[in-house]
Amino acid sequence: MKVLNILRSEPDETVEKLSEAVSKGNQSTVTILYGENVDWEGLVDDIFLHDKVICWW
Amino acid sequence: MADTLGILVNTDRYLDYVVKLTQAAHSKGKTVQIFFTGKGVLLTQKPDFKKLVGKAKLAICDVSFRSNGLHGREDEVPGVGFKDFATQARNAEMVANVDRYVVF
Amino acid sequence: MKKVAVVIKDADQQYEGLRTSLGLLLEDTKVQMFVLHHEIANMDEAYSDNMEFLDEMEGERFSNNSANVEKYGFQYITLADIGAKIREADLIIPF
């Protein structure tokens with residue numbers, strides 16, 4: 001399964017542990033929104049190319 | 001049929017993300033539905049909220065709108081008709097029907 | 001039927017997360033609600049009534065905070081086990 005982890009803000013320990021658990025054994029990708037230069041159209045493509053999308057805090 | 005993206009907005013922190021993702025999805029021919037609940041309803045009062053009009057089907061949790069002191073201002077929210085002030089069932093329908101679902 | 005994990009980390013979002021969980025249950029969605037770290041901040045009549053309703057609708061509620069287990073009947077779960085459970089969900093909704 002392809003999992004897309006979207007980080008809306010800098011991850012704390014909880015987010016790190018949960019995202020690791022969800023991604024384990026899957027093909028996972030991380031997209032960071034709190035940095036500069038987010039490729040929003042690329043993110044739309046990624047959202048539909050992955051089986052599961054999670055927007056962490 | 002176009003891919004459908006559902007967006008749940010349950011905080012008032014990420015309007016910029018919601019607008020940019022909605023604009024990008026719309027430009028790529030996706031259908032976008034957005035449900036605002038909890039503190040997310042406060043975003044209806046921000047100037048940039050109107051950037052979503054015409055690019056997504058918008059709905060608001062009526063209970064949240066009232067509990068955040070906005071009752072009486074329903075007709076000031078651009079792009080949202082009376083019937084789109086809805087219950088949590090609208091979010092559940094979105095969960096059931098969209099192809100992808102994200103939360104901001 | 002979709003399986004949804006509602007994961008509530010912000011203490012001030014505990015009631016909203018419960019409301020969303022109930023709304024999903026009413027539309028024939030399987031819901032597991034997880035309250036992370038914090039004790040329920042405001043166990044008022046509204047929260048209590050909705051929590052009972054969630055139980056009647058066969059929603060499941062878990063917490064890694066022992067006070068929620070002892071006072072309010074949540075099932076105890078560790079953070080590691082939350083990770084394992086939400087891994088099985090179709091959707092994860094953070095609050």
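Just one residue in the set C:Asp90, C:Asp44, C:Asp81 is of a type outside the set (Ser, Thr, Tyr), modelled with pLDDT of 95 or more and more than 27 Å from A:Met1 (Cα to Cα); that residue is C:Asp44.
Within region B:58-68, which residues are crowded, with 21+ Cβ neighbours inside 10 Å and either within 11 Å of chain C (Cβ to nearest Cβ) or over 24 Å from C:Val31 (Cα atoms) (or both)? Result: B:Leu58, B:Cys61, B:Ser64, B:Phe65. Of all residues in region B:9-41, those satisfying the criterion of being of a type in the set (Phe, Trp, Tyr) and either more than 9 Å from chain A (Cβ to nearest Cβ) or under 16 Å from B:Lys57 (Cβ atoms) (or both) are B:Phe35, B:Phe36.
Counting the residues of region A:10-21 that are more than 9 Å from chain C (Cβ to nearest Cβ) and in contact with a His (Cβ under 9 Å, 6 or more places away or on another chain) gives 0. So, in region C:71-84, of the ones that are more than 9 Å from chain A (Cβ to nearest Cβ) and surrounded by 17 or more Cβ atoms within 10 Å (Cβ to Cβ), which residue ends up farthest from C:Asn42 (Cα to Cα)? My answer is C:Ile77.
Of all residues in region A:22-46, exactly one satisfies the criterion of being crowded, with 18+ Cβ neighbours inside 10 Å, without any contact (Cβ under 8 Å) to a residue 24 or more places away in the chain and within 14 Å of chain C (Cβ to nearest Cβ), namely A:Ser23.
For (1) in a loop (DSSP other than H, G, I, E, B); (2) out of contact with any strand residue (DSSP E or B) (no Cβ under 7 Å at 6 or more places or on another chain); (3) farther than 14 Å from C:Gly83 by Cα, each residue gets a yes or a no:
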{"residue": "A:Pro11", "(1), (2), (3)": "yes, no, yes"}
{"residue": "A:Val15", "(1), (2), (3)": "no, no, no"}
{"residue": "A:Leu18", "(1), (2), (3)": "no, yes, no"}
{"residue": "A:Ala21", "(1), (2), (3)": "no, yes, no"}
{"residue": "A:Val30", "(1), (2), (3)": "no, no, yes"}
{"residue": "A:Glu36", "(1), (2), (3)": "yes, yes, yes"}
{"residue": "A:Val44", "(1), (2), (3)": "no, yes, yes"}
{"residue": "A:Phe48", "(1), (2), (3)": "no, no, yes"}
{"residue": "A:Val53", "(1), (2), (3)": "no, no, yes"}
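In region B:78-104, the residues that are within 7 Å of another protein chain (Cβ to nearest Cβ) form Cβ pairs under 7 Å with partners that are part of a helix (DSSP H, G or I) and at pLDDT below 95, at six or more places apart or across chains, as follows: B:Ala89/C:Leu26; B:Ala92/C:Leu26. Among the residues here, B:His71 does not qualify as surrounded by fewer than 18 Cβ atoms within 10 Å (Cβ to Cβ) and either over 14 Å from B:Phe82 (Cα atoms) or hydrophobic (A, V, I, L, M, F, W, C) (or both). The single condition from (1) surrounded by 20 or more Cβ atoms within 10 Å (Cβ to Cβ); (2) more than 12 Å from chain B (Cβ to nearest Cβ) that C:Arg87 fails is (1). When B:Gly6 is tested against (1) within 14 Å of chain C (Cβ to nearest Cβ); (2) at positive phi, only condition (2) is not met.
If you take the residues in region C:8-51 that are out of contact with any strand residue (DSSP E or B) (no Cβ under 8 Å at 6 or more places or on another chain) and hydroxyl-bearing (Ser, Thr, Tyr), which one is surrounded by the fewest Cβ atoms within 10 Å (Cβ to Cβ)? Ranking the qualifying residues of region C:8-51, first place goes to C:Ser48. Considering region C:2-51, and only residues there that are within 9 Å of chain B (Cβ to nearest Cβ) and of a type in the set (A, V, I, L, M), the residue that is farthest from the chain's Cα centre (by Cα) turns out to be C:Leu26.
The values are calculated or read from the model by the stated rules, or taken from the named source; none is laboratory data. All values derive from a computational prediction rather than experimental measurement. Every residue, glycine as well, gets a Cβ built from its backbone with ideal geometry; the counts of neighbours run over all protein chains shown.
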